[in-house]
Amino acid sequence: MSPNVTAFAIVFAAAILFFIWSVYRRFRLIALGQPDNRFDAIGRRIWNMLFFAFGQRRVVKRTFGINHFILFWCFIILMIANVEFLLHGLFSQQIALSKLPDGTYHTLTTVFDIVSILALVTVVIAMGRRLLFPPSYIDAKSRDAFFILSMVAMLMIAFFGLHGAEIANGVEKAEDYMPISNAVASGIFDGVSTNSLDTWAETFWWIHAIVLLGFLNYLPYSKHMHVLTAIPNCFFKSLDKVNTQPREGFKQGNSFGAGQVSELSWKGLFDSYSCTECGRCTDICPATSTGKKLNPRLVIHDIKVNLLKNESVLTNSGKQVSLPLIGDNHEGSVSEEVLWACTTCGACMEVCPVFIEHVPRIVDMRRHLVEMKAKFPEELLTFFENMEQRSNPWGIAPTERIKWTADIEVKPFEAGQTEYLFYVGCAGALDSRARRVTMSTAKILDTAGVSWGILGKEELCCGDSLRRLGNEYVFDRMVQENIKMFEAKGVKRIVTQCPHCFSTFKNDYRQYGIDLEVIHHTELIDRLIKSGKLNLKSERNGFGNIVFHDSCYLGRYNEVYEAPRHAVASATGHDIHEMHNHLDKSFCCGAGGGRMWMEESPGQKNINVARTEEALANNPKTICVCCPYCMTMFEDGLKDKDADTNVQVLDMAEIVAESLK
Amino acid sequence: MLVVTCIKQVPDTTQVKVDPETGTLIREGVPFIINPFDIHALEESLRLKDRFGFRVAVLSMGPPNTEVTLRKALALGVDQAILLSDRAFGGADTLATSKVLAEAVRRLSEQEDVGIVITGKQTIDGDTAQVGPGIATRLGYQQLTLVDNIENVDLHANKITARRKLEGRHERVESKLPVLISVVRSINRPRYPTVPMRLMAEDAEVILWDNQVMGLDPETIGLNGSATQVRKIFSPERDKGEILGDGAADLGKAVQLLVSKLVEKDLLHI
């Protein structure tokens, strides 16, 4: 079937021009974002794109993702058919698949026929899911979703209508190779006159053409923009795990953090175009699931809305409609309450199929509030001042850092004399509960004959919470002091017992060009066990059922999952029990991202209580943690549940130290 | 009109130990902080700037490294920072200190009317609470100590209404300007500096006034001008506490033990 070429050429040209104009308008806004190099290591980037976009690796991690996987590939395959369709419409004499050799043509028509019915089935399944089993974490009945699904369905129906009519009319030479279209021909068009069949074919051809061009033009104005951006977003994805933020340059005249949308990096803006509104981030977010106002999907959505609504201001071509990026209660603005609710646990980024970077955007906005406005929850004022004056969160005198060494002999770190710097950390040195973990770690290291020393009174905070809270200026000063000390003392290898110190030294300090070998105590202890340097009892030893909690900054941020599990199993002779949310899906204790130092904003439940309940569901006698923050949060959670007399919280090091023969 | 805030850089006393041999403070390696009461004085002067449009000058007498403390004040938003530093000022007690500070305020008042001088209630190293009143006395200003709320400043009538926090009661008072106010910590919550202000403060000018500028008689200031001399500093002897009985195992018995011990020490009569 060939349409009226002139009529189609006009429609086609108008549609393509409008599409180009729309895409230009959208992408010109992306270019207003801040620089961010995402064009390095092209080879790895192409691989990421193939693996995560075309392979849909993360999409299929949830069962329903398979439906999307099928639809995605149907689309890719049908793209060949649709390009041919449009070109044939313009140059019907010159371009046609039917001009290909018969074998090729027949194969292609069969593939297109089967793929089209598959696409139609997936669309029906998707609609059915949204209508009958709507998941709580998406806007299941959104008009946008149904509109686009209907358009896809109409495309497929038009495809079968067109080919069915042509087969019935005897003008399709591949009729025997198109089972579905053939069935349509015999089922619907049987006995219809040639004239009518011509009309049917032409009608379906035009429906197909208009829906196809309409679909294309609808994309830039809907969440289905992701059809255009998701694949490149996988190309632009961060090459490392996103476990830190870029540094800021502290020069007069600079502005800090993101107070307006164009102060975000261009990748941050591109992310907002790539969101498919699948809601997986919402579903896994500990703040959202305990009833806080934070919903990671909406943060990204608000960035997009803000960008689009401020288009005329940003491109300086119209009236001023400045919608603030940080503000209350309207679409397109992220409220301060939302920004402070984030624990930076990173679960949202771990599940996002298209690698949207939620946490760095939240920290960008926190930076603006702290650095430009000095605006933050009031309990943080004392915290910030304690950090600046005494380099620890509680404002305790630094001389107290050596209190735990009163009864044991501990060497000061000295290059050449001691191999590891045991960086005790603020909690490990100053918190009475965490000090017991420090003693256990020290005992294990001594038993295994590890050579280690401490900085004692000179030890400073690593600055983790400062950075996550957006106080980059003070963090920057602190890092520089620490690095000066590490370099002066010749520190090369550091063992920490706090995942926050661990991740900060390992990932954040790297931005300052210092080469440190950082190891978490769980890894070092496990290594000592594996190399036979520790003699363990391998019995339950009063620990009972042990349920294990993955710390975000150890597991998700640095992929240390196996070491603590293996160490506990070796020490007790029994495997740990897994909570429902574990490994990369672990549920935060509630203390990350500086939330340790803030009151929890109102919600249905405190995050630590939710996580404690999850642990208690396994009926444990011991909850095993690897982080002083998690320790505090679980101990508080147990008190809240009146379970602190029956259940104990122990650090992995305490379990191993207790199990030493 | 000018508000002048006097601040002092003090050793972080929680980290200071006394050398039992020499009877002096071990200051080595002890970080310096702004006297905690003075942070509130500084904040109140900035609030007066916000509320009534005063200009704010900050004074600090101390060694040259006091400049760091003055830069912190600049980062918070004061308009002018003056460092009073000279060997001749050293070793001063509260009398000699208040003379130098009063002279500095007087010099400032030659250029611009001074409406209010604000100090913290006391410093955490000396704990005398005398310097503020000393300045007022030397300048002939009114003085309102222990203020926890400045209700109003009436620039036309040239008067101030404030609330003083006293033992178990409050006192609302009115005073003529110029006035010296010493503040308690509950008067406000100090602000936090923004980064642009911190960066500005790094390069801002800290004006140095030494005794060449001030021109005070060396016999009336510093160690020579001090009426008091510190002979010895020592930590009071303290008995170690003891744990009586085992309260967790037998609470009643432990309480009995405590009561008998108190009676024995003549602290309780039954």
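The values are calculated or read from the model by the stated rules, or taken from the named source; none is laboratory data. Predicted model only: the values in this text are computed from it and were never measured. Ideal geometry is used to build each Cβ from the backbone, glycine not excepted, and the neighbour counts take in all protein chains shown. Surface accessibility is based on the protein's heavy atoms, side chains included, excluding ligands, DNA and RNA. Shrake-Rupley method; radii C 1.70, N 1.55, O 1.52, S 1.80 Å.
Mind grabbing the accessible area of A:C278 for me, 1.4 Å probe, Å², rounded to tens?
Looks like 40 Å² after rounding.
Taking the Cβ of A:K375 as the centre, find all other residues whose Cβ is under 11 Å away and add up their charges (Lys, Arg: +1; Asp, Glu: -1).
Working: positive: A:R366, A:K373, B:R191; negative: A:E336, A:E371, A:E378.
With Lys, Arg at +1 and Asp, Glu at -1, the net is 0.
When the helix-only estimate is applied to the protein assembly as shown (DSSP H runs of n ≥ 4, each -39,500 (n - 2.57), divided by the residue count), what is the mean residue ellipticity at 222 nm, nearest 500 deg cm²/dmol? List each step's numbers first, then the result.
On the way: 34 runs with 410 residues, N = 931.
Mean residue ellipticity at 222 nm (helix-derived): -13500 deg cm²/dmol.
At 0.36 nm per residue, and after removing the present C-alpha to C-alpha distance, how many nm does the segment from A:R143 to A:H574 gain when stretched out fully?
Values: separation 431, 0.36 × 431 = 155.16 nm, distance 5.24 nm.
Extra length from A:R143 to A:H574 when fully extended: 149.9 nm.
Hey, any idea what Rg/Rh is for chain A, computing Rh the Kirkwood way over Cα pairs?
Working: Rg = 30.0 Å, Rh = 28.0 Å.
So for chain A, dividing Rg by the Kirkwood Rh gives 1.07.
Report, in debye and to the nearest 20, how large the dipole of the stretch B:208-261 comes out about its Cα centre when Lys and Arg carry +1 and Asp and Glu carry -1 on their Cβ.
Working: 6 positive and 8 negative charges, 59 e Å.
Dipole of the stretch B:208-261, to the nearest 20 debye: 280 debye.
Which pairs break 21 Å Cα to Cα here: B:K99/B:K121; B:K121/B:K232; A:K373/B:K49; A:K403/B:K232?
Numbers: B:K99/B:K121 18 Å; B:K121/B:K232 25 Å; A:K373/B:K49 18 Å; A:K403/B:K232 29 Å.
Table pairs above 21 Å Cα-Cα are B:K121/B:K232; A:K403/B:K232.
Please state the shape class of the stretch A:296-447: rounded when a/c is under 1.5, otherwise prolate if a/b exceeds b/c and oblate if not, all from the C-alpha gyration tensor. Walk me through the numbers before you get to the answer.
Details: a/c = 3.38, a/b = 2.46, b/c = 1.37.
Judged from the Cα gyration tensor, the stretch A:296-447 comes out prolate (a/c at least 1.5, a/b above b/c).
Given the C-alpha centroids of the stretch A:452-528 and the stretch A:618-656, what is the distance between them in whole angstrom?
26 Å
Using a Cα-Cα cut-off of under 20 Å, which lysines could be cross-linked to A:K492, ignoring same-chain neighbours fewer than 8 residues away?
A:K411, A:K457, A:K484, A:K506
Report, largest value first, the span of the C-alpha coordinates of the stretch B:203-260 along each principal axis, in whole Å.
72, 38, 14
How far apart, in nanometres, would the label points at B:E21 and A:K241 be if each is projected 7 angstrom from Cα along the Cα-to-Cβ direction?
The answer from the label model is 5.2 nm.
Work out the charge dipole of the protein assembly as shown with +1 on the Cβ of Lys and Arg and -1 on the Cβ of Asp and Glu about the Cα centre, then indicate which of A:Y553, A:I356, A:S116 is farthest towards its positive end.
A:S116
Using a basic spin-label model with each label point 7 Å from the Cα along Cα→Cβ, how many nm lie between B:E205 and A:E409?
Output for this residue pair reads 6.1 nm.
Angle, helix A:607-616 long axis vs. longest principal axis of chain A, Cα atoms, 0 to 90°, nearest 10?
In chain A, helix A:607-616 runs at an angle near 80 degrees to the longest axis.
Can you give the net charge of the other residues whose Cβ lies under 15 Å from the Cβ of B:E174, counting K and R as +1 and D and E as -1?
Working: positive: B:K159, B:R163, B:R164, B:R172, B:K176; negative: B:E151, B:D154, B:E171.
Net local charge, B:E174 excluded: +2.
In the protein assembly as shown, what % of DSSP beta bridges are antiparallel (nearest 5)? Don't jump to the answer; show the numbers that get you there.
On the way: 21 of 71 bridges.
If we restrict to bridges inside the protein assembly as shown, about 30 percent are antiparallel.
Based on alpha-carbon centroids, what's the gap between the stretch B:37-110 and the stretch A:1-79 in Å, whole number please?
Here the answer is 63 Å between Cα centres.
Suppose we flag chymotrypsin sites (Phe, Trp or Tyr not before Pro) only when DSSP calls them loop and at most 13 other Cβ atoms lie within 10 Å. Which is the longest uninterrupted stretch of chain A?
On the way: sites that count: A:F39, A:F91.
In short, A:92-661.
In Å, what Kirkwood hydrodynamic radius results for the stretch A:5-235 from the alpha-carbon pair distances?
Numbers: mean 1/r = 0.0508 Å⁻¹.
Averaging 1/r across every pair of different Cα atoms and inverting gives 19.7 Å.
Please work out how much length the chain gains when fully extended from A:S322 to A:K457, using 0.36 nm per residue of separation minus the C-alpha to C-alpha distance, in nm with one decimal.
Values: separation 135, 0.36 × 135 = 48.60 nm, distance 5.05 nm.
Separation in residues times 0.36 nm, less the Cα-Cα distance, equals 43.6 nm.
Mind checking which of A:F54, A:N482, A:Y218 is farthest towards the positive end of chain A's charge dipole, using Cβ charges of +1 (Lys, Arg) and -1 (Asp, Glu) about the Cα centre?
After comparing all options, I get A:N482.
Per 0.36 nm of contour for each residue apart, how much would the distance between B:I243 and B:K176 grow if the chain were fully extended, relative to their Cα-Cα spacing? All intermediate terms of the calculation are to be shown ahead of the outcome.
Details: separation 67, 0.36 × 67 = 24.12 nm, distance 5.68 nm.
Answer, rounded to one decimal: 18.4 nm.
Roughly how many debye, to the nearest 20, is the charge dipole of the stretch A:150-257 about its Cα centre, given +1 on each Lys and Arg Cβ, -1 on each Asp and Glu Cβ, and no other charges? Walk me through the intermediate numbers first.
On the way: 6 positive and 9 negative charges, 215 e Å.
Approximately 1040 debye in magnitude.
Taking the simple approach of a point 7 Å from Cα along Cα-to-Cβ for both A:K492 and A:Q34, what is their distance in nm?
So the two model labels end up 3.6 nm from each other.
Which FRET efficiency, nearest 0.05, do B:K232 and A:N535 yield, Cβ-Cβ r, R0 51 Å? Could the numbers behind the result be given before it?
Working: r = 56 Å, r/R0 = 1.10.
Rounded to the nearest 0.05, the efficiency is 0.35.
Compute the FRET efficiency between B:A157 and B:K49 as 1/(1 + (r/R0)^6), taking r as their Cβ-Cβ distance and R0 = 25 Å, and round to the nearest 0.05.
0.80
What percent do you get for the relative contact order of chain A when only Cα pairs under 8 Å and 6+ apart count? The partial results should precede the final answer.
Numbers: 1058 pairs, mean separation 78.5, N = 661.
Relative contact order comes out at 12 percent.
Counting Lys and Arg as +1 and Asp and Glu as -1, what is the net charge of the other residues whose Cβ lies under 11 Å from the Cβ of B:P64?
-2
By accessible area of protein heavy atoms, probe 1.4 Å, what ranking do A:K375, A:K506 get, highest first? Could you put the intermediate results ahead of the total?
Details: A:K375 95, A:K506 70 Å².
The residues order as A:K375, A:K506, largest area first.
Let a ≥ b ≥ c be the square roots of the eigenvalues of the Cα gyration tensor of the stretch A:342-414; is it rounded (a/c under 1.5), or, if not, prolate (a/b larger than b/c) or oblate? Display every interim value, and only then the final one.
Numbers: a/c = 3.60, a/b = 1.66, b/c = 2.16.
Since a/c reaches 1.5 but b/c is at least a/b, the shape of the stretch A:342-414 is classed as oblate.
Quick one: dipole size for the stretch A:462-579, taken about the Cα centre, charges +1 on Lys/Arg Cβ and -1 on Asp/Glu Cβ, in debye to the nearest 20. Display every interim value, and only then the final one.
Numbers: 16 positive and 16 negative charges, 67 e Å.
So the dipole magnitude of the stretch A:462-579 works out to roughly 320 debye.
Would you rank A:K537, A:K304 by solvent-accessible area, highest first, keeping every protein chain in place and using a 1.4 Å probe? Intermediate values should be presented prior to the final figure.
Details: A:K537 70, A:K304 30 Å².
These residues rank, largest area first, as A:K537, A:K304.
Taking R0 as 30 Å, what's the FRET efficiency between A:I10 and A:I114 from their Cβ-Cβ distance, rounded to 0.05? Intermediate values should be presented prior to the final figure.
Working: r = 34 Å, r/R0 = 1.13.
Result of the calculation: an efficiency of 0.35.
From the square roots a ≥ b ≥ c of the eigenvalues of the alpha-carbon gyration tensor of the stretch A:449-596, which class results: rounded (a/c under 1.5), prolate (a/b over b/c), or oblate?
On the way: a/c = 2.61, a/b = 1.47, b/c = 1.78.
Note, shape of the stretch A:449-596 comes out oblate.
What average number of partner chain Cβ atoms lie no more than 10 Å from the Cβ of the residues making up B:195-201?
6
If you take the accessible area of A alone plus B alone and subtract the pair, what total do you get in square angstrom, rounded to 100, with a 1.4 Å probe? Present the calculation step by step, with values, prior to reporting the outcome.
Values: alone 27950 and 15570 Å², together 41710 Å².
In total, chains A and B hide about 1800 Å² from solvent.
Which pairs break 28 Å Cα to Cα here: B:K17/B:K240; A:K293/A:K641; A:K309/A:K605? Show your work: numbers first, answer last.
On the way: B:K17/B:K240 18 Å; A:K293/A:K641 24 Å; A:K309/A:K605 35 Å.
Beyond 28 Å between Cα atoms: A:K309/A:K605.
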